[in-house]
């Protein structure tokens with residue numbers, strides 16, 4: 001079955017509401033300074049000017065989690081990938097307000113960025129609340145398929161961490177099935193509390209708070225690269 005590593009297409013809208021003047025200015029002025037180069041290999045030195053640890057967030061929403069992680073680890077380089085313009089604008093606002101010089105953004109397919117990084121170069125990869133594509137016929141569009149996970153595994157250092165968060169029951173079961181079939185990751189859970197309780201170093205977002213208000217459970221998965 002095909003999966004997102006072979007289907008390079010962005011589904012849905014790339015822009016929501018019309019940008020206000022201040023938001024448009026962020027896109028025009030700040031985005032070019034923090035944008036991931038569009039061509040060629042990517043290294044920490046090229047992105048940040050030094051050999052620092054790297055982390056990637058796939059689909060950062062409005063950028064709250066990305067900004068919080070970047071603020072907590074100023075000597076780590078963070079690469080955020082998000083196809084939707086309004087989400088990128090949100091992240092740009094966090095970068096500006098927090099004076100975050102350790103964040104680079106890509107508006108587009110995260111896999112296109114990850115595949116350009118050196119193997120075993122990433123300390124951590126985040127996939128938080130991805131589109132669940134709940135219908136069975138759309139399962140091939142889910143990021144949690146072996147193709148994308150193969151790529152993530154190749155780019156993570158041994159001992160590196162892959163984090164997945166979801167509030168969708170179907171996606172939760174699917175992700176557990178996919179990861180249970182792999183032998184290159186170890187699930188870091190000893191009890192239900194380990195995946196039902198948000199870890200202290202996992203910043204909460206507005207999306208999570210909204211999900212809880214609607215009565216949704218949230219599952220927090222940590223997998224370590226063998």
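Descriptive notes on the structure:
- Any chance residue 61 is assigned to a loop (DSSP other than H, G, I, E, B), within 18 Å of the chain's Cα centre (by Cα) and either surrounded by 15 or more Cβ atoms within 10 Å (Cβ to Cβ) or at positive phi (or both): yes
- In the set 50, 28, only one residue is at pLDDT 95 or above and over 23 Å from residue 152 (Cα atoms); that residue is 28.
- Conditions (1) in contact with a strand residue (DSSP E or B) (Cβ under 7 Å, 6 or more places away or on another chain); (2) farther than 30 Å from residue 19 by Cβ; (3) buried (at least 20 other Cβ atoms within 10 Å of the Cβ); number of the one not met by residue 145: (1)
- When the residues of region 74-86 are filtered to those that are in contact (Cβ under 8 Å) with a residue 40 or more places away in the chain and assigned to a loop (DSSP other than H, G, I, E, B), the one that is nearest to residue 154 (Cα to Cα) is 76.
- Answer from 27, 89 - the residue that is farther than 26 Å from residue 222 by Cβ, touching a helix residue (DSSP H, G or I) at 6+ places or on another chain (Cβ under 7 Å) and surrounded by 22 or more Cβ atoms within 10 Å (Cβ to Cβ): 89
- Meets criteria (buried (at least 18 other Cβ atoms within 10 Å of the Cβ) and closer than 19 Å to residue 226 by Cα) for residue 128: no
- Looking only at residues of region 165-185 that are in contact (Cβ under 8 Å) with a residue 24 or more places away in the chain and exposed (fewer than 13 other Cβ atoms within 10 Å of the Cβ), we find that the one that is nearest to residue 140 (Cα to Cα) is 181.
- When residues of region 186-217 are limited to those that are in contact with a helix residue (DSSP H, G or I) (Cβ under 6 Å, 6 or more places away or on another chain) and at pLDDT 95 or above, the one surrounded by the fewest Cβ atoms within 10 Å (Cβ to Cβ): 189
- Qualifying positions in region 195-226 - within 20 Å of residue 156 (Cβ to Cβ) and touching a strand residue (DSSP E or B) at 6+ places or on another chain (Cβ under 8 Å): 195, 199, 202, 220, 221, 222, 223, 224, 225, 226
- Checking region 30-39 against the condition returns no match, with no residue being crowded, with 17+ Cβ neighbours inside 10 Å, in contact with a helix residue (DSSP H, G or I) (Cβ under 7 Å, 6 or more places away or on another chain), without any contact (Cβ under 8 Å) to a residue 40 or more places away in the chain and not in a helix (DSSP H, G or I).
- The one condition in (1) within 20 Å of residue 156 (Cα to Cα); (2) part of a helix (DSSP H, G or I); (3) in contact with a strand residue (DSSP E or B) (Cβ under 8 Å, 6 or more places away or on another chain) that residue 104 fails to fulfil: (2)
- Any hit, region 87-94, residues being within 24 Å of residue 210 (Cβ to Cβ) and outside any helix (DSSP H, G or I): no
The values are calculated or read from the model by the stated rules, or taken from the named source; none is laboratory data. Not measured: the values here are computed from a predicted model. Glycine also receives a Cβ, built like all others from the backbone with ideal geometry; neighbour counts cover every protein chain displayed.
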